[in-house]
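No lab work stands behind these numbers, since they all come straight from the coordinates. A quick note: this is a predicted structure, and the numbers were derived from the prediction, not measured. Because the Cβ atoms are built from the backbone with ideal geometry, glycine has one as well, and the counts that use them run over all protein chains shown.
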Amino acid sequence: MHQLTDNALMLKVKSGDLDKLGLLYERHKRRVFGFFFNMNGNASLSEDLVQNVFIRMLKYRHTFTGKGSFIAWMFKTARNVNYDNYKKYSKERNQNDLASIAHKLQDADDLSSTMDKSDNIAQLNKAMQRLPRDKREILVLSKYREIKFSEIGEILGCTEGAAKVKAHRALKDLRTIFLQMEST
């Protein structure tokens with residue numbers, strides 16, 4: 001049987017076939033969870049926010065046109081949920097431990113190398129937390145969630161080129177912060 005695209009499934013949800021949202025949830029819950037976890041470092045909160053995204057997608061299904069990327073529409077919704085949560089609980093935010101970076105950088109061949117990388121990961125965590133939220137967000141979307149810049153442009157409401165420039169500037173700022181922290 002031919003598998004329906006995300007856009008086709010969401011159009012079915014829009015037209016009243018609400019069960020199709022369950023298929024979209026199963027396809028994308030991990031990606032959305034990863035986005036939230038990279039932004040807030042709290043697994044329990046991230047699970048709740050994933051649920052909020054799909055509830056909001058159901059509530060605002062009438063706004064989905066099917067012309068753009070479903071992924072961009074979904075992450076734009078996730079970004080709004082994250083922003084609303086940030087506003088509501090900004091003083092209670094936890095530090096982001098960027099567990100995905102730790103996993104990518106682990107190398108068990110050499111204990112000394114592993115310890116150096118652990119130090120770098122901890123330093124990178126601190127540097128990421130010092131970035132403004134908007135810059136941290138674009139790095140999470142582009143580098144850790146591996147979303148295309150054309151879709152990031154849709155999410156942020158800018159062009160693909162502007163999204164690339166923002167990501168480049170965010171990386172440059174992260175590098176500067178990281179190097180400053182390393183020299184102290």
FRET efficiency for CYS158 and HIS62 from the Cβ-Cβ distance with R0 = 25 Å, rounded to 0.05, comes out at 0.55
In the neighbourhood of GLY16 defined by beta carbon distances under 15 Å, the net charge of the other residues (Lys, Arg +1; Asp, Glu -1) is +3
Env charge @ ALA163, Cβ radius under 14 Å, K,R +1 / D,E -1, value +3
Cβ-Cβ cut-off under 14 Å around ASN80, Lys and Arg +1, Asp and Glu -1: the net charge is +3
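Percent relative contact order of the stretch 14-86, based on C-alpha pairs within less than 8 angstrom and at least six residues apart? The partial results should precede the final answer.
Working: 36 pairs, mean separation 25.1, N = 73.
Relative contact order here is 34 percent.
What's the extension gain from LYS126 to ARG30 if we count 0.36 nm per residue and subtract their Cα-Cα distance? Mind showing how you got there, number by number?
Values: separation 96, 0.36 × 96 = 34.56 nm, distance 2.46 nm.
Gain on extension, LYS126 to ARG30, equals 32.1 nm.
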Beyond 32 Å (Cα-Cα) in this structure, taken from LYS59/LYS172; LYS88/LYS148; LYS76/LYS126; LYS59/LYS135; LYS12/LYS126, we find LYS59/LYS172; LYS12/LYS126
